[in-house]
Amino acid sequence: MEKQAKPTSTDFMEIGSAGLVQYGGRVEEDFLRQLQGKRGYAIYREMAENHPVIGGILQAIEMLFRSVDWTVEPSDPDSQTSIDEAEFVASCLNDMSISWQDTLNNILSMLTYGFSFNEIVYKRREGHTDDGTSSKHNDGRIGWRKLPVRSVDTVQQWKFDNNGGIEGMIQMNPISGTGPVFIPIEKALLFRTTTKLNNPRGRSILRSAYTSWYYQKRIQTIEAIGIERDLCGLPVAYVPPQLLSDNATSQETAALTEIKRIVRNIRRDEQEGLVFPLAYDPETGQKAYDIELLASGGKRQFDTNQVINRYDTKIAMSILADFILLGHEKIGTQALSVSKIELFMDTIEAWLGGISDVFNTFAIPRLLRLNGVDEENYPLLKYSAPRDPDIGILGDYVSKLTASGALLPDDNLNDYLRELAGLPADEEEQVN
């Protein structure tokens, strides 16, 4: 029998650190400088608010989150104390000055920016008050007043311990102008898309789409300039050689400068028109001044529309939501669409799990400790996975199982199928 080893003092110590790249509390983990700090937040905001595909995906995610049912389940269904504490936490979620749905929308900003830092503000539940702490309840217990998000733009720096643990955030308040304030992590909830290296900034789901967005934006700008000009070629002006010579007079230089400006700015718009001097070379009899459009011999080498659509697909793929383009591009099978949607829904469920984990690990235990509740009675915040099954496929599946005798109809199955299809409940069952 091997001799049991005795633990040493270092066994209970954290010697190393995560290795997060940060200087003075300013995280610089991203290797692209333009995506660090406030500049990066501004880029992500532009991507989310200006790009139709990204905006559509984020809107779809928000609508899916709104369709999720959240419940608070007791730790012990057979214990009345556990049931009472679950009901108390559920009442706190619906007794905040910022509604639960709006709180979720604020938390979802973590998808765009990588994280959402929400401060916890408590209140004493003493019914209606005039100081902004009103409650629907008058039991004197401590509840959540609100869980307001702190804008990513106001994060001045993060505070870390010697091993890279997050101690809190220093915020520069742009409203009060009173200078930076420290918000300890014990008084906040930090929601992140990833906890890699314990980076408090997480990672924006738009990060992998940045390169495609960057080039697509510039190609669209070039395309818009070409459409604005509405020309079939390059504008070219012919001028007397004297205007281009080194001994040109100041008047000739000024005339050349003005002609260059005309050529550079020529386009089709409501002020369309051009006045040009009619003069002939006395020796050749040809026009001394002229302007024409130098047309290309055929179509352009690149189809900008195809390139832009390619970048749309890459952007949607990076967020695992390229199924939204299947109908637009007239490609893809139903099976492919279903599999992509299922992968996207699994991603949604992972984010939901991350949010519930933060509440179950930090928010709910802190709240109940303030109310003197034993740990064994801490309830859990749970959610219903967002699913949108194809009723036709499901109906065919159930029909085949029933015909083969592998599935026998019962009241529970009847209720479940009716609920999925959005049908009313069975009246006979309600009467019984």
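Of the conditions (1) at pLDDT below 75; (2) of a type in the set (Val, Ile, Thr); (3) open to solvent by 40 Å² or more (accessible area, probe 1.4 Å), Val398 clears all except one; give me its number.
It fails just one condition, (3).
Scan the stretch 113-135 for residues that are in contact with a helix residue (DSSP H, G or I) (Cβ under 9 Å, 6 or more places away or on another chain), among the hydroxyl-bearing types (Ser, Thr, Tyr) and crowded, with 21+ Cβ neighbours inside 10 Å and jot them down.
Selection gives Tyr113, Ser116.
Considering the stretch 249-277 alone, what residues qualify as being at pLDDT 80 or above and assigned to a loop (DSSP other than H, G, I, E, B)?
Thr249
Could you list, in sequence order, all residues of the stretch 128-140 that are closer than 21 Å to Val373 by Cβ and over 36 Å from the mean Cα position of the chain (by Cα)?
Within the stretch 128-140, Asn138, Asp139, Gly140 qualify.
Considering only the stretch 21-39, how many residues are touching a residue at least 24 places away in the same chain (Cβ under 8 Å) and more than 18 Å from the chain's Cα centre (by Cα)?
The total comes to 7.
How many residues, within the stretch 96-111, are over 23 Å from Asp131 (Cα atoms) and among the small types (Gly, Ala, Ser)?
Total meeting the criteria: 1.
Scan the stretch 363-386 and tell me whether some residue there is at pLDDT below 80 and surrounded by 12 or more Cβ atoms within 10 Å (Cβ to Cβ).
Checked against the condition, which is being at pLDDT below 80 and surrounded by 12 or more Cβ atoms within 10 Å (Cβ to Cβ), the stretch 363-386 yields at least one hit.
Could you tell me how many of the residues in the stretch 1-48 are more than 30 Å from Tyr214 (Cβ to Cβ), among the hydroxyl-bearing types (Ser, Thr, Tyr) and either at pLDDT 85 or above or loosely packed, with under 10 Cβ neighbours inside 10 Å (or both)?
3
Does Glu87 meet the test of being within 22 Å of Lys146 (Cβ to Cβ), over 27 Å from the mean Cα position of the chain (by Cα) and open to solvent by 80 Å² or more (accessible area, probe 1.4 Å)?
So Glu87 fits the description; yes.
Within the stretch 136-152, can you find the residues that are out of contact with any helix residue (DSSP H, G or I) (no Cβ under 6 Å at 6 or more places or on another chain) and open to solvent by 40 Å² or more (accessible area, probe 1.4 Å)?
Lys136, His137, Asn138, Asp139, Arg141, Arg145, Lys146, Arg150, Ser151
Please go through the stretch 196-207 and pick out each residue that is open to solvent by 70 Å² or more (accessible area, probe 1.4 Å) and in contact with a helix residue (DSSP H, G or I) (Cβ under 9 Å, 6 or more places away or on another chain).
The one that is open to solvent by 70 Å² or more (accessible area, probe 1.4 Å) and in contact with a helix residue (DSSP H, G or I) (Cβ under 9 Å, 6 or more places away or on another chain): Arg203.
Which of (1) at pLDDT below 75; (2) surrounded by fewer than 10 Cβ atoms within 10 Å (Cβ to Cβ) does Glu283 not meet, given it meets every other one?
With (1) at pLDDT below 75; (2) surrounded by fewer than 10 Cβ atoms within 10 Å (Cβ to Cβ) applied to Glu283, the lone miss is (1).
The values are calculated or read from the model by the stated rules, or taken from the named source; none is laboratory data. Since this is a predicted model, take the numbers as computed values, not measurements. Note that each Cβ is placed from the backbone with ideal geometry, even for glycine, and that neighbours are counted across all protein chains shown. Accessible surface areas use protein heavy atoms only, side chains included; no ligands, DNA or RNA. Shrake-Rupley method; radii C 1.70, N 1.55, O 1.52, S 1.80 Å.
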